[in-house]
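Throughout, read-outs are computed from the coordinates displayed, never taken from laboratory work. These numbers were taken from a predicted model, which means no experiment stands behind them. Cβ atoms come from the backbone with ideal geometry, glycine included; neighbour counts cover every protein chain shown.
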Amino acid sequence: MAVFTPVSERDAQQLLNHYTLGELVSLRGITAGIENTNYFLTTTQGEYVLTLFEVLSHEQLPFYIELMHHLATHGVPVPEPQTLRDGTRLTTLHDKPCAIVSRLSGGYEPEPGTAHCALAGRTLAQAHLAGRSFSIAQPNLRGLPWWQETIPKVLPFLSTSQATLITEVLEEQTRFAQSDTYQALPYGPAHCDLFRDNVLFDGTFDMPRMGGIIDFYFAGCDTWLFDVAVSVNDWCIHRNTGVLQHDKLQAWLNAYAEVRPFTEAEKHAWPVLLQAAALRFWVSRLYDFYLPRPAQTLKPHDPRHFELILQERRNTPAPAL
Ligand SMILES: Nc1ncnc2c1ncn2[C@@H]1O[C@H](COP(=O)(O)OP(=O)(O)O)[C@@H](O)[C@H]1O
Ligand SMILES: N[C@@H](CCOP(=O)(O)O)C(=O)O
């Protein structure tokens, strides 16, 4: 269900005329995904993914496309946006902005083990370090200002206890964002949505190999620790309770820290940022659930999952970083 705008073989061949990627061999719609139209595109030169952006505009896209290009050229396994004959990496098809990126191998692992967690942690640290030399700055558009703007819109739909929780956490996060500890946190381009369905693995369950990280369309500049917290809140939990699984958490964090050790400020900030990461997805899921966009076609994710994770992070102290 992720072909919102159909693309014919003729359209694809005409598009390919603007690239140096060879001739069309095959074109197949991708069923997964909720936001964009995606096709697997095979040419005489290789395998690619064609994306038509259904929501983001031409003006918003360069940050994401150029970030992927930057990371790919610095050896981070991410889809590499292909360059058109005119030197750009974004074009238009059926009035939608569109790009062709390299196809990564592998598939996502719904039940990751410690080896998957370690690979994901290491790759995210590599992406953070490589992102230091990226020159375009765009904040995480789903950061604190967005929570402050969105929470009042969803409050009318919440029970009294939910409203109390969300308001309290927002106040705490607002105060914490002004603290010296927060200001000292390492900051830069971050994926901001590195859930398990956004990492592809090759190999076997016991010996996985990293295929790469996909779906950069929530990326933005934020604290690197927020990115880590978003990830472990998805990768390293008992699904039904949100409780952190310590073996997976340690595997994830140790692998990350081998590439980029955590700072003292990050060690202090860790419990608060785990809550920030849970709040971020509780808010977006509440918003999508109660105030869906007109074009949104798929069933929204369950907001209660992140309410549970937030409560759990407040009730149980996280293991030290
Ligand atoms: N570069 C890529 N290489 C391999 N598979 C990809 C690539 N990009 C997307 N996919 C596949 O397409 C699916 C949908 O992509 P995704 O970016 O999650 O879509 P959406 O932005 O619409 O949510 C992914 O789950 C993955 O299977
Ligand atoms: N990971 C987010 C939703 C983002 O959607 P995606 O399919 O584009 O990754 C969530 O789980 O709420």
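Structure notes:
- Spacing of the two label points (7 Å from each Cα toward its C-beta) at T91 and Y187, in nm: 3.8
- Fewest-first ordering of R239, R280 by other beta carbons within 10 Å of each residue's beta carbon gives R239, R280.
- A crude spin-label estimate for the pair T44 and F176, with each label 7 Å from Cα along the Cβ direction, gives 5.7 nm.
- Taking every DSSP helix (H) stretch of at least 4 residues in the chain, weighting each as -39,500 (n - 2.57) and dividing the sum by the residue count yields a mean residue ellipticity at 222 nm of -13500 deg cm²/dmol.
- Note on the chain: with charges restricted to the Cβ of Lys and Arg (+1) and Asp and Glu (-1), its dipole about the Cα centre is near 140 debye.
- The stretch 9-102: C-alpha gyration tensor shape, a/c 1.5 cut-off, then a/b vs b/c: rounded
- Square roots of five times the Cα gyration tensor eigenvalues for the stretch 210-275, Å: 17, 17, 14
- Note on S161/A257: beta-carbon distance plugged into 1/(1 + (r/R0)^6) with R0 of 30 Å gives a FRET efficiency of 0.25.
- Chain lengthening between S135 and S26 when straightened (0.36 nm per residue, less Cα-Cα): 35.7 nm
- Applied to the stretch 132-145, the Karplus parametrisation 6.51 cos²θ - 1.76 cosθ + 1.60 on θ = phi - 60° returns per-residue 3J(HN,Hα) values of 4, 9, 7, 9, 8, 10, 9, x, 4, 6, 10, x, 3, x Hz, with x for Gly and Pro.
- Taking the chain as a Gaussian network of alpha-carbon nodes connected by springs under 10 Å, the highest mean-square fluctuation of the residues L185, L119, L93 belongs to L93.
- Most mobile of N17, N254, N240 in a GNM of the chain (Cα contacts under 10 Å): N240
- The stretch 230-321, Cα convex hull volume normalised per residue, Å³: 112
- Set against the 2.2 N^0.38 Å expectation for a compact globular protein, the stretch 114-315 has a Cα radius of gyration ratio of 1.01.
- Degrees, to the nearest 10: 304-315 long Cα axis against longest axis of the chain: 40
- Sites D197 and Q14, calculated FRET efficiency, Cβ-Cβ separation with R0 30 Å, nearest 0.05: 0.40
- Coupling constants for the stretch 256-262 follow from the phi torsions by the Karplus curve (6.51 cos²θ - 1.76 cosθ + 1.60, θ = phi - 60°), and in residue order they are 4, 5, 5, 8, 9, x, 6 Hz; glycine and proline get x.
- Taking the DSSP bridge list for the chain and keeping only pairs wholly inside it, about 95 percent are antiparallel.
- Comparing Y290, Y187, Y64 in a Gaussian network model of the chain where C-alpha atoms under 10 Å apart are linked, the largest mean-square fluctuation is found at Y290.
- Taking the C-alpha atoms only, the angle from helix 264-290 to the longest principal axis of the chain is near 70 degrees.
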